[in-house]
Structure formats: C-alpha cells, structure tokens
Amino acid sequence: MKRRRKNGRRNGIRPAALSALAAACVLLAAAHFGCDISAEAALSRLAHSRAFLSCMTALEFGVRADTAEVYVPRTAAAARDENAEAPQSESVYVPAAPQNTAPVLSAADKAATLTINNDTDYEVDVAACLAEDTHIRAAGEGPQVLVFHTHTSESYTPDAAFPYTPTEPERTTDTRYNVVRVGDELCSALEERGIETVHLRSLFDTPTYAGSYDRSLEAVEQALAEYPSVKVVIDLHRDSILTDEGVAYRTSCTIDGTETAQLMFVVGTDAGGLYHPDWRENLSFASTLQYALNRAYPSLMRPLNLRTQRFDQHASPGSLLIEVGSSGNTLPEALSAVRLFADVLADEMTG
C-alpha cells in the first residue's frame with residue numbers, strides 16, 4: 001500500500017484554525033495600538049489557555065495532545081478501484097498519536113489508549129467499540145487462524161542480513177524476502193503457542209497487480225470451506241509511505257532494546273457500496289485486540305485505520321488486514337514486530 005508524506009509539511013491549516021488565528025491577530029493588533037485595554041488581558045488569557053493551544057494543535061496535526069479520539073484526516077484517502085490501470089495508495093498515512101501510559105481504570109480511560117483514523121463518513125465511538133470487548137477464542141479441532149497476502153510481492157529494504165535484489169521497486173517474488181516470509185514467522189509463532197494455522201503462500205499480485213483482491217478472495221473462500229474451524233483471517237501486508245522525493249519512510253519503534261517495525265490494522269466497511277453488513281463487529285474485534293497490543297507494547301501500534309473499501313473482510317468474521325512496517329523498514333524489523341503481535345493474539349485467543 002503506497003502513500004506519500006511531505007517532508008516538514010502538514011498541508012496547511014484548516015479554515016477553523018485560520019479563523020482562530022485571525023481572532024488572535026485582532027486581539028494582538030488591538031493591544032498593540034491601544035485601542036482596547038481589555039484586549040491585552042484577553043490575549044494573555046488566550047496565550048495561557050491549555051484548551052486553546054491543544055485545540056490549535058489538533059486543527060494542525062489532526063489529533064489533540066490531551067485526548068484520543070476518532071478524527072478525520074485533512075486529506076481524503078486516494079485509493080482507486082482495484083481494477084484501475086495504476087492502483088494508488090489504499091490508505092493515507094497519519095502519524096501515530098502520543099501513547100497514553102496512564103493506568104486504565106474505566107471505559108473512558110480505555111478509549112484514551114486507542115485512536116481511530118476514520119476515512120469514512122460513519123460516526124464511530126471509540127469507547128463503544130472497546131465496551132463491546134470482542135474476543136475471538138480458539139476452540140475445537142483444526143486450524144484456528146488463516147494467513148494470506150493479497151499483495152504478496154511486497155518487500156522490505158534490503159540489508160546485510162537479507163541482501164536480496166528486488167524484482168521491481170519495493171517488491172520481490174522471492175518468498176524468502178517478501179511478506180510471505182513475515183507470514184511464515186507469524187504462523188510459526190502461533191503454532192508454538194498451540195494455535196494451529198493455515199498459510200496461503202500463493203502470489204496474488206503478480207504478474208498483474210490489478211485484480212489481486214479478486215484472486216485472493218477466491219483462495220480464502222476455498223480455504224474457509226476446507227477449514228471451517230478457522231476463527232481469525234489475516235491479510236498481512238507491508239505499507240509504503242514515500243516522501244515527495246521518493247524516499248521510503250520507515251515506521252519503527254524500539255521494544256526491549258530491539259528495533260521493531262510498527263503495525264497498523266486496516267478495517268474495511270461498506271461505505272464504498274460493497275456488501276459488508278458485519279463490519280462493525282470486525283471493528284470491535286480489531287479495537288479490542290489493538291487495546292491489548294497497546295497495553296503490552298505501547299509504541300508498537302499505529303492508529304487503527306477505518307476505510308471506505310471492503311478489503312474482502314466480508315468473507316469471514318474476525319477478518320484483519322495488518323500492515324507490518326513500511327518499505328523503509330528491514331525484514332528483521334518486520335519479523336520482530338510480527339512475533340510481538342503473535343504473542344498478544346495468542347494470549348487473546350487462549351485467555
């Protein structure tokens with residue numbers, strides 16, 4: 001999934017912020033020219049108002065410093081239809097919000113640990129999503145988790161440990177170095193915890209990118225028919241965020257002294273017109289899981305991304321699309337991240 005992030009810019013200040021700045025400028029001018037003695041006092045109160053400064057920050061950066069909330073980015077998602085000749089980004093990058101390290105004591109405090117980047121026009125209540133407390137447990141015999149990769153050839157920045165030659169920019173068909181390798185690691189980590197998995201390792205985005213979601217959906221439906229015991233379906237991707245100069249952006253954090261790629265859940269809806277009546281259940285599951293991940297590894301997760309596209313998540317309850325790092329990350333960083341994810345998912349499914 002590709003997106004662009006401009007260096008040092010946030011695409012300007014929105015009209016509401018401009019209006020607030022204009023009001024402040026009027027007060028400043030009045031105080032400067034002595035037109036109104038009360039203007040100087042009002043300006044001083046404004047300058048020391050934490051609420052005003054927080055709101056101004058929210059208008060500029062899309063998230064308040066003192067709360068976690070659902071917010072809509074200033075730039076709409078630039079996704080094209082999957083059948084387009086040159087499909088573009090499937091989500092818009094929003095920098096991770098500051099992590100909340102306070103103890104979680106109530107539903108309100110729970111919501112403060114979760115941020116949803118809402119690219120739809122649906123109203124979403126973060127606290128309500130978490131109040132659903134949606135867990136999916138492993139039960140019965142047979143595979144419990146299905147892992148696949150719609151954009152199978154997505155790969156990472158080559159390094160000394162994995163000095164491969166990309167088949168094309170940011171991609172390789174060699175499954176030792178693309179997201180299939182990350183899926184292998186996820187399945188292995190889950191199996192070690194006693195959770196049986198199925199891994200679809202087929203290339204769905206080559207030789208043509210267009211139609212990859214149709215091809216992966218067919219394979220997933222066949223797998224679900226063969227393994228009705230599956231409870232969680234994971235479409236594992238690698239994000240791509242490029243600056244205007246074409247430099248790959250790296251999403252990373254340090255956990256227990258190890259450089260680790262960040263993760264992001266992408267939740268599809270029916271907002272684009274495709275059939276997906278149960279998307280809110282998927283959102284509640286993803287929210288509950290992200291809450292657990294935020295508590296276990298506070299810097300690992302980027303904000304959850306709610307999208308107008310469906311991403312074939314109508315195929316089964318418990319469907320997740322996970323972005324494991326970006327093309328600027330290395331494969332070892334991605335492997336480190338997915339092991340942490342597997343640890344929490346296993347806890348959730350066996351707890």
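The values are calculated or read from the model by the stated rules, or taken from the named source; none is laboratory data. These numbers come from a predicted model, not from an experiment. So basically every Cβ, Gly included, is an ideal-geometry build from the backbone, and we count neighbours across all protein chains shown. These accessible areas exclude ligands, DNA and RNA; they are computed on the full protein's heavy atoms, side chains included. Shrake-Rupley method; radii C 1.70, N 1.55, O 1.52, S 1.80 Å.
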Requested in this report: Mind counting the residues in segment 217-230 that are in contact with a strand residue (DSSP E or B) (Cβ under 7 Å, 6 or more places away or on another chain) and either assigned to a loop (DSSP other than H, G, I, E, B) or modelled with pLDDT under 95 (or both)?
Outcome: 2
Report task. Please work out if Ala271 is surrounded by fewer than 19 Cβ atoms within 10 Å (Cβ to Cβ), in contact (Cβ under 8 Å) with a residue 40 or more places away in the chain and within 21 Å of Ser212 (Cα to Cα). Result -> yes
**Report entry** Qualifying positions in segment 184-200 - of a type in the set (A, V, I, L, M, F, W, C), in contact (Cβ under 8 Å) with a residue 60 or more places away in the chain and part of a helix (DSSP H, G or I)
**Finding:** Leu186, Ala189, Leu190
Query - Which listed residue, of Arg295, Arg280, Arg302, is over 19 Å from Ser212 (Cβ atoms) and in contact with a Pro (Cβ under 9 Å, 6 or more places away or on another chain) - result: Arg302
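I'd like the full set of residues that are among the polar types (S, T, N, Q) and either in contact with a His (Cβ under 9 Å, 6 or more places away or on another chain) or open to solvent by 40 Å² or more (accessible area, probe 1.4 Å) (or both), limited to segment 229-255.
Here is the first cut: in segment 229-255, the ones among the polar types (S, T, N, Q) are 229, 240, 243, 251-252, 254.
Thr254, the sole residue that qualifies.
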Query - Looking only at segment 336-348, and only at residues there that are open to solvent by less than 10 Å² (accessible area, probe 1.4 Å) and within 17 Å of the chain's Cα centre (by Cα), the one that is nearest to Val179 (Cα to Cα) - result: Val338
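Given the criterion open to solvent by less than 10 Å² (accessible area, probe 1.4 Å), among the charged types (D, E, K, R), under 17 Å from Ala337 (Cα atoms) and modelled with pLDDT of 95 or more, identify the matching residue among Glu154, Glu192. Give the derivation first.
On the way: Glu192 fails: open to solvent by less than 10 Å² (accessible area, probe 1.4 Å).
None of the others qualify; the one that does is Glu154.
Quick grid of which residues meet (1) in a loop (DSSP other than H, G, I, E, B); (2) more than 18 Å from the chain's Cα centre (by Cα); (3) touching a residue at least 24 places away in the same chain (Cβ under 8 Å):
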site: Thr113; (1), (2), (3): yes, no, yes
site: Val124; (1), (2), (3): yes, no, yes
site: Asp133; (1), (2), (3): yes, yes, yes
site: Thr173; (1), (2), (3): yes, yes, yes
site: Arg176; (1), (2), (3): yes, yes, no
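A quick yes/no check of all residues on (1) touching a strand residue (DSSP E or B) at 6+ places or on another chain (Cβ under 6 Å); (2) within 30 Å of Pro169 (Cβ to Cβ); (3) not in a helix (DSSP H, G or I):
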position: Leu283; (1), (2), (3): yes, no, no
position: Ala292; (1), (2), (3): no, no, no
position: Arg295; (1), (2), (3): no, no, no
position: Asn305; (1), (2), (3): yes, yes, yes
position: Gln309; (1), (2), (3): no, yes, yes
position: Leu321; (1), (2), (3): yes, yes, yes
position: Gly328; (1), (2), (3): yes, yes, yes
Requested in this report: Would you be able to tell me the number of residues in segment 231-250 that are β-branched (Val, Ile, Thr) and either outside any loop (DSSP other than H, G, I, E, B) or in contact with a helix residue (DSSP H, G or I) (Cβ under 9 Å, 6 or more places away or on another chain) (or both)?
Outcome: 4
